[in-house]
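Heads up: the structure comes next, in structure tokens.
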Amino acid sequence: MSDAIRPQPGILDIAPYVAGKATATGAQNAVKLSSNENPFGPSDRAKEAYLRAVHELHRYPSTDHAALRTAIAEVHRLDASRVICGVGSDEILQLLAQAYAGPRDEVVFTEHGFLMYRILAHAVGATPIEVKERERVTDVDAILAATGPRTRLVFIANPNNPTGTMISPAEVERLAEKLPKQAILVLDGAYAEYVEGFDAGLALIEVRENVVMTRTFSKIYGLGGLRIGWGYGPKEIIDVLNRIRQPFNLSPGQMDAAEAAVRDQDHVAKCRVENARMRGWLANALAEHGVPSDVSSANFILARFASVEEAEACDAFLQQRGLIVRRVDGYNLPHCLRITVGDESSCRRVAHAVAQFKGAR
């Protein structure tokens, strides 16, 4: 390749995102607990809507996502004109970086934050700024200390991935209030539905001009394979994002399934309750065998081991038994394993296997 043909600054600094493993070599009846997927899948209403869409495959989708935006707005009591839909919440995050950050700008996120934040900063030529957390919890004071005149975006996930920890609405509000005037606070709410009564920052967005929230249908709604997300924010920001969004970014099947899913809140509530039950059970079961975790508000727990070597050994032990969990070295947590909360059978298998592993050492 000619030296004259070069990508934009920052792109070659990107370490490609690595997803959780989906298979365990040589294992039968493998259980995938590496990608925070809902073990119960989507609601029947969502599946039926997706199947009906097969009859319209020859039609271009709507470009304004009106029906889906209306459904989201009605369920969450929002202004539909300020809802934007995308290919997973990742696309909304990407649009924000593309529209509001670039060379000589800074993008701030925490040391155990979602890997895509760093990737998006590099992709637009901005400088990624990683901020320390306090015992795996977002530290608002540390974030504020790291911001300045070059800060354009601040990403936080609440609950956070992969730690599962949260900060209070009051702390989020304090962060938004004290950010530099040119900075946008982006609240990544991928796991918000797992927290009973949590609005993920929607009320804050209604009274501020510098806060945007993203959400996804990939987690509690069980539609990870369809890649659907949405965002909500000030009208001026959403207008900017829509100007650079691909016009046909979502298919009819995606939109129909998502609309049916968001309107089926009984399914969401059932999944939330079952997740909380098994999350607590699994965390307690592992703690009894010397594997602690922070209180998680998501659909996974972050199991902490005494050393990197012990975490690696446990991961290998679990894989041999067909249990696929997530190594989180890339999140600066090499001594931890992130374990998705599966159904009761899966959780019991994991707890039993970890007990065997600890007993054999």
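Residues checked against (1) more than 11 Å from the chain's Cα centre (by Cα); (2) under 18 Å from Asp105 (Cβ atoms); (3) surrounded by fewer than 23 Cβ atoms within 10 Å (Cβ to Cβ):
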residue: Val154; (1), (2), (3): yes, yes, no
residue: Pro159; (1), (2), (3): no, no, no
residue: Pro162; (1), (2), (3): no, no, no
residue: Ser168; (1), (2), (3): yes, no, yes
residue: Val172; (1), (2), (3): yes, no, yes
residue: Lys178; (1), (2), (3): yes, no, yes
residue: Asp188; (1), (2), (3): no, no, no
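Contact map, region 169-197: first residue more than 26 Å from Leu115 (Cβ to Cβ), second residue small (Gly, Ala, Ser), Cβ cut-off under 9 Å, separation 6 or more or different chains; pairs are Glu173/Gly201; Glu196/Ala269; Glu196/Ala276. Scanning region 106-117 for residues that are part of a strand (DSSP E or B) and either small (Gly, Ala, Ser) or crowded, with 22+ Cβ neighbours inside 10 Å (or both) turns up Val107, Val108, Phe109, Thr110.
Any idea which of (1) buried (at least 16 other Cβ atoms within 10 Å of the Cβ); (2) over 21 Å from the mean Cα position of the chain (by Cα); (3) of a type in the set (Gly, Ala, Ser) is the one Ala287 doesn't satisfy? Here Ala287 meets the rest and fails (1).
Going by the conditions given, is Val328 β-branched (Val, Ile, Thr), in contact (Cβ under 8 Å) with a residue 60 or more places away in the chain and either under 21 Å from Arg134 (Cβ atoms) or assigned by TED's automatic domain parsing to the domain that holds Pro16 (or both)?
Values: β-branched (Val, Ile, Thr): yes; in contact (Cβ under 8 Å) with a residue 60 or more places away in the chain: yes; either under 21 Å from Arg134 (Cβ atoms) or assigned by TED's automatic domain parsing to the domain that holds Pro16 (or both): yes.
For Val328, the condition - β-branched (Val, Ile, Thr), in contact (Cβ under 8 Å) with a residue 60 or more places away in the chain and either under 21 Å from Arg134 (Cβ atoms) or assigned by TED's automatic domain parsing to the domain that holds Pro16 (or both) - is met.
Being touching a Phe, Trp or Tyr at 6+ places or on another chain (Cβ under 9 Å) and in contact (Cβ under 8 Å) with a residue 40 or more places away in the chain is a condition met by at least one residue of region 45-52. Take the conditions buried (at least 21 other Cβ atoms within 10 Å of the Cβ) and not assigned by TED's automatic domain parsing to the domain that holds Thr23 and apply them to Ala257. Does it pass? The answer is yes for Ala257. Reported count of residues in region 50-75, each being out of contact with any Lys or Arg (no Cβ under 9 Å at 6 or more places or on another chain) and more than 14 Å from Gln254 (Cα to Cα), is 2.
Give the number of residues within region 286-304 that are part of a helix (DSSP H, G or I) and either touching an Asp or Glu at 6+ places or on another chain (Cβ under 6 Å) or under 13 Å from Ile339 (Cα atoms) (or both). Full working, then the answer.
Going residue by residue through region 286-304, those that are part of a helix (DSSP H, G or I) are 286-288.
Going one step further and asking which of them are either touching an Asp or Glu at 6+ places or on another chain (Cβ under 6 Å) or under 13 Å from Ile339 (Cα atoms) (or both), we end up with 286.
Adding up the residues that qualify gives 1.
Quick check, is Asp266 over 21 Å from Val195 (Cβ atoms), in a helix (DSSP H, G or I) and not aliphatic (A, V, I, L, M)? Write out each step before concluding.
Working: over 21 Å from Val195 (Cβ atoms): no; in a helix (DSSP H, G or I): yes; not aliphatic (A, V, I, L, M): yes.
So Asp266 does not fit the description; no.
Applying the set (1) of a type outside the set (Gly, Ala, Ser); (2) crowded, with 16+ Cβ neighbours inside 10 Å; (3) outside the structural domain of Ala258 (by TED's automatic domain parsing); (4) modelled with pLDDT of 75 or more to Asn29 leaves exactly one unmet item: (2). Take Ala298 and decide whether it is assigned by TED's automatic domain parsing to the domain that holds Leu57, modelled with pLDDT of 95 or more and crowded, with 17+ Cβ neighbours inside 10 Å. Against the criterion (assigned by TED's automatic domain parsing to the domain that holds Leu57, modelled with pLDDT of 95 or more and crowded, with 17+ Cβ neighbours inside 10 Å), Ala298 does not qualify.
The values are calculated or read from the model by the stated rules, or taken from the named source; none is laboratory data. Computed from a predicted structure; not experimentally measured. Every residue, glycine as well, gets a Cβ built from its backbone with ideal geometry; the counts of neighbours run over all protein chains shown.
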